[in-house]
Amino acid sequence: MSTPAPEDFSHPPLRPRLSVEEMLAAKNTQPIRSLDDLAADTFESDEELEEFLAFTYAERHRDVA
């Protein structure tokens, strides 16, 4: 009499392999046609953008000296 083998959870179960085109179609994506497609209004004002850039610059150069 044999006992069932324990399940192996060390590897995730295999999923069917999809092509890039199939994955994009499943998510109903559209190609980027211009840079305007990537534009986002992240900052409410030019001053807020300037503050962010100054902070980022300072943080990147904080430990350089």
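The values are calculated or read from the model by the stated rules, or taken from the named source; none is laboratory data. Bear in mind that the values here come from a model prediction, so they are computed numbers and not experimental data. Virtual Cβ from ideal backbone geometry, glycine too; neighbours counted across all protein chains shown.
Results for (1) more than 22 Å from the chain's Cα centre (by Cα); (2) touching a residue at least 24 places away in the same chain (Cβ under 8 Å); (3) in a loop (DSSP other than H, G, I, E, B), shown as yes or no for each residue.
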site: 23; (1), (2), (3): no, no, no
site: 29; (1), (2), (3): no, no, yes
site: 37; (1), (2), (3): no, no, no
site: 50; (1), (2), (3): yes, no, no
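The one condition from (1) farther than 30 Å from residue 16 by Cβ; (2) outside any helix (DSSP H, G or I); (3) at pLDDT 90 or above that residue 65 does not meet is (3).
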